[in-house]
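**Student:** Structure provided below as structure tokens; questions to follow.
Read the figures in this text as sums done on the coordinates, not as results from a lab. Just so it is clear, the model here is predicted, and its values are computed rather than measured. Because the Cβ atoms are built from the backbone with ideal geometry, glycine has one as well, and the counts that use them run over all protein chains shown.
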Amino acid sequence: AKPEPPRFPWKGRDTLLALVLLGALLMAFTPLRGNRWIRRGWQAVLIGYVGLASHDLFSLGLFAGWATHGPAWRQAPGLVLLGAAALLIPWATGRQVYCHQLCPHGAAQSLAGKLVRKKWRVPPRWDAWLRRVPACLLGLALFSLVAGWSWRLAALEPFDAWVPQAGNAASLVLAVLGLGASLFVPQAYCHYGCLTGALLRFMRSTGRNDRWAAGDWMALGCVVLAWSPLIWKAAAVKPVAAHAQAYTLRGQ
């Protein structure tokens, strides 16, 4: 008998994530986002369900796991659907859906920023340098994957703080510091610390204004860095000797 094809265990949780994605698309592409009460309600949904209940946040560690072992199609098809939307929609439309309409941590920063009216203005020179931090950390994370370092990429981001059972103290500290900074600098962590946001911003299209820039050279360098171990391994393989004996196996 032929084996049955693998099934995708679509569950209620995946249906809810699909509905969340639909809501995010409505908020991103319709005038609904201009209504303050609807926007606040949507942020409450993101914090309450996506963040505190389902813990379905994207992170660099999650994308690294998918890149290494493949997307979790069978285990979490709804989450993979969200990931595909987060990567493809900015490229196709120029709209950053995940960071603006799906991320619970971004929603929490936005609400925290409403608590303090007086804001700090980051000097332009500091702003320029601080915005380079996520790209540098992103390069460090890629190098750590290629080098095979045994450490948790989740420690570079605050998203594990939404998952109490993760027990990631570094993420908890980053979450507290980021939310505290957002009281005085709007979306401080999003602008100056988010590695996942930096990756998704790179995917964003600017239409006809797209040009090959320094970020593209950096991405090309990362691709070369990622492929270099495979090239070294291929070069290190010794050819089979001419007098080697061949063996043939037959049968069931």
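**Student:** Taking the mean number of other Cβ atoms within 10 Å as a proxy for protection, how do you rank 86-92, 157-163 from highest to lowest?
**Tutor:** Working: 86-92: 16.7, 157-163: 23.9.
Per-residue mean Cβ counts within 10 Å order the peptides as 157-163, 86-92.
**Student:** Calculate, in nm to one decimal, what residue 249 and residue 32 gain on full extension: separation in residues at 0.36 nm each, minus their alpha carbon distance. List each step's numbers first, then the result.
**Tutor:** Numbers: separation 217, 0.36 × 217 = 78.12 nm, distance 6.65 nm.
Taking 0.36 nm per residue and subtracting the Cα distance, the gain is 71.5 nm.
**Student:** Another question about this same structure. Can you figure out the FRET efficiency of residue 55 with residue 151, using R₀ = 25 Å and their beta-carbon distance, to the nearest 0.05? Before the final figure, lay out the partial values.
**Tutor:** Numbers: r = 21 Å, r/R0 = 0.86.
Working from the Cβ atoms, E equals 0.70.
**Student:** Something else about it: Extension gain residue 88-residue 166, at 0.36 nm per residue separation less the Cα-Cα distance, in nm? Mind showing how you got there, number by number?
**Tutor:** Details: separation 78, 0.36 × 78 = 28.08 nm, distance 2.90 nm.
The span from residue 88 to residue 166 would gain 25.2 nm if fully extended.
**Student:** Where does each of 97-103, 55-61 land if you order them by average Cβ count within 10 Å, highest first?
**Tutor:** Highest mean packing first, the order is 97-103, 55-61.
**Student:** Order of 146-156, 191-201 by packing, highest average Cβ count within 10 Å first? Don't skip to the answer; put the middle values down first.
**Tutor:** Working: 146-156: 13.6, 191-201: 21.5.
Highest to lowest by the protection proxy: 191-201, 146-156.
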